[in-house]
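Reading through the structure tokens given below for one structure.
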Amino acid sequence: MQKKITTSGWGRYPLVAAAVQRARYLSDLGRAAATPVLPQGNCRSYGDACLYERVVSTLALKHLLNFDPQRGLLRAQAGITLAEIIRFVLPYGFFPPVTPGTKFPTLGGCIAADVHGKNHHAEGSMAAFVEALDMVLADGSLVRCSRHQRAELFWATLGGMGLTGFIYAATLRLKKVPSAYIRQRAIKTANWAETCRVCTETQHQYTYSVAWVDGLQTGRRLGRGRVLLGEHAGVRELKGKPPFPGHGEGRWVVPFFWPGGVLNAKSLKVFNALYYHRQVRRTSDALVHYDPYFYPLDAVGDWNRLYGRRGFLQYQVAVPYADGADVIADLLGRIARAGVASPLAVLKTFGPPNAGLLSFPIAGYTLALDIPLRDDGTIPFLHTLNKIVVAAQGRVYLAKDAILAREDFAAMYPQLEQFKAVKRKYDPEGRFRSCLSDRLGIT
Ligand SMILES: Cc1cc2nc3c(=O)[nH]c(=O)nc-3n(C[C@H](O)[C@H](O)[C@H](O)COP(=O)(O)OP(=O)(O)OC[C@H]3O[C@@H](n4cnc5c(N)ncnc54)[C@H](O)[C@@H]3O)c2cc1C
């Protein structure tokens, strides 16, 4: 029997003993599907979506299979990371069409979570750019699916969190970009009403939009923050800089778990105040390299250790526009008063959803915060917030989740039964499963 090792997602909660096998060839996936298993990427999901007692890592399946610079189409094995894709395609003037806030997830992980970026309001999530998937199913067969071929499998897999089969390879439509730089406009806001107003008013003017919200403020400063808008910069705006310079290499790595977590209430207050007041004028413009614009957190390796050994949860919800601003203000206020939040409160706006059966984005606001696991009261507290989200017809993002209750999950994802039906068809014995799918009653 294979030796088990302790595994976790990015939040380091929960810890799960797992037999980890590394697939090197397509045939390894077919063999692995014979017994219960979970495909695993680079473990950048925060909770238990990437965890199970038996996982097959796809990280070694990272070959580029085809690149057509005329049409901007890339076909690659699923274990390639976004960083590796950027390194290859950017010199040709292409960029991933959708990117999460880190460049270290794999292509397979981004498809399985149907990830969104700062451009969802304008361009949608990953699903909008996936042309075809080559998958290894529970019976070991290799099949292709797309919008036109086995469409039900395609839409169950985009956002399906690895539960329909192994994604072996994917064809992705890339985005043509004039340079590696972003023209950024930062707008400082005084309170929640202004943050929401600026986000919604600027939606149609900018491709990229994200607001950093000071999650520690209450009262009249509740929801104050900085809205960061962005557009790919044209060559003329670069003032002589080469449009595609090299990629930054150096990064500082957190060497060990910080005892008790360095991110305590006092240090977070100082951090937030410095970040907010660093911008003196209300509006400021800058030309920013794609790395600090899209991936500011990647500058510090293993930053998740700053939360200490107990780890942390990332709480991300989406709430429809109708009552969304009020509901999120209510959540922010409760979190700030409970004193459980972190500086990483991020607000984005979503455009319409796609046909992915378990895909997260719905038209509305999405809020994401890190919640350090300091005491036993944190998880019950988040369950009470989830009830508010259910009542508002909102949902929790599965790629970040580790605690959602079954009944809340079923209420949040109305296409769950359709998903289960597709899964039964392609995986009748329920071989593909995870700690998350067992917890939520999907498997
Ligand atoms: C700092 C940070 C910022 C982030 N920002 C965002 C953001 O802005 N937007 C966003 O949407 N997400 C964001 N995320 C979450 C992250 O993008 C997703 O969780 C992504 O799925 C991680 O990919 P991974 O390769 O690490 O996959 P893992 O975490 O290993 O797995 C995630 C899921 O994908 C499945 N999977 C992985 N590979 C395959 C495969 N080959 N075949 C089938 N299923 C597979 C797994 O079974 C699992 O269910 C962020 C994460 C971090 C750490």
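Think of the chain as having a plus end and a minus end, set by charges on the Cβ of Lys, Arg, Asp and Glu; of Val98, Val136, Phe409, Val98 sits farthest toward the positive end of this dipole.
Taking θ as phi - 60° and the Karplus parameters 6.51, -1.76 and 1.60, the scalar couplings of the range 144-157 work out to 9, 9, 7, 5, 10, 10, 6, 4, 5, 5, 4, 6, 7, 7 Hz in sequence order, x denoting glycine and proline. The phi torsions of the range 178-192, fed into the Karplus equation with coefficients 6.51, -1.76 and 1.60 and a -60° offset, translate into couplings of x, 7, 8, 10, 10, 7, 10, 10, 10, 10, 7, 10, 8, 7, 4 Hz, rounded to whole numbers, with Gly and Pro shown as x.
For the range 117-164 versus the range 170-241, the spacing of their alpha-carbon centroids is 28 Å. Enumerate the residues in the range 62-103 having an amide nitrogen under 17 Å from the point lying 7 Å beyond the Cα of Val20 toward its Cβ. The answer is 62, 79-81, whose backbone nitrogens lie closer than 17 Å to the label point. Taking the DSSP bridge list for the chain and keeping only pairs wholly inside it, about 85 percent are antiparallel.
Around the amide H of Gln40, modelled in the peptide plane, lie the amide H atoms of Val56, Ser57, Thr58, all under 5 Å away and 5 or more residues distant in sequence or on another chain.
Counting neighbouring beta carbons within 10 Å and listing from fewest to most, the residues Leu357, Leu382, Leu15 come out as Leu15, Leu382, Leu357. Amide H to amide H, with H built 1.01 Å from N, Thr207 comes under 5 Å of Gly230, counting only residues 5 or more places away or on other chains. Charging the Cβ of each Asp and Glu at -1 and of each Lys and Arg at +1, and nothing else, the dipole of the chain about its Cα centre rounds to 860 debye.
Arranged from fewest to most other beta-carbon atoms within 10 Å of their beta carbon, Ser179, Ser146, Ser434 become Ser146, Ser179, Ser434.
Between the C-alpha center of the range 344-385 and that of the range 291-320 there is a gap of 13 Å. Comparing Arg309, Arg31, Arg71 in a Gaussian network model of the chain where C-alpha atoms under 10 Å apart are linked, the largest mean-square fluctuation is found at Arg71.
Annotation for the range 404-436 versus the range 35-79: alpha-carbon center distance of 21 Å.
Taking the chain as a Gaussian network, Cα atoms linked when under 10 Å apart, which of Leu238, Leu59, Leu133 shows the biggest mean-square fluctuation? Result: Leu238 has the largest fluctuation of those listed.
Look at the dipole of the chain built from charges on Cβ: of Gly109, Ala286, Gly324, the Cα furthest out on the positive end belongs to Ala286. Shown for Thr35, Thr157: other C-beta atoms within 10 Å of each C-beta, ranked fewest to most, produce the order Thr35, Thr157. Here the Karplus relation 6.51 cos²θ - 1.76 cosθ + 1.60, evaluated at θ = phi - 60°, turns the backbone of the range 30-42 into coupling constants of x, 5, 5, 6, 6, 10, x, 7, 10, x, 10, x, 9 Hz, with x for every Gly and Pro.
Between Val213, Val227, Val300, the residue with the greatest mean-square fluctuation in the GNM of the chain (Cα pairs under 10 Å linked by springs) is Val300.
In this structure, the pairs whose alpha-carbon distance is over 20 Å, taken from Lys188/Lys348; Lys175/Lys423; Lys175/Lys400; Lys118/Lys188, are Lys175/Lys423; Lys175/Lys400.
For Leu313, what residues show an amide H to amide H distance below 5 Å, using hydrogens built from the backbone and excluding near sequence neighbours? Under 5 Å from the amide H of Leu313 lie the amide H atoms of Ile371, Leu373, each far enough along the sequence or on another chain. Spin-label model, Asp139 to Asp302: label points 7 Å out along the Cα-to-beta-carbon direction sit 4.6 nm apart. Projecting the Cα atoms of Ala211, Thr378, Ala23 onto the charge dipole of the chain (Cβ charges, centred on the Cα centre) puts Ala211 farthest toward the positive pole.
The numbers here are math on the coordinates, done by the rules we state, and not lab data. The shown structure was predicted, so the numbers you read here are calculated from the model rather than taken from an experiment. With ideal geometry, Cβ positions are generated from the backbone for all residues, glycine too; neighbour counts draw on all protein chains shown.
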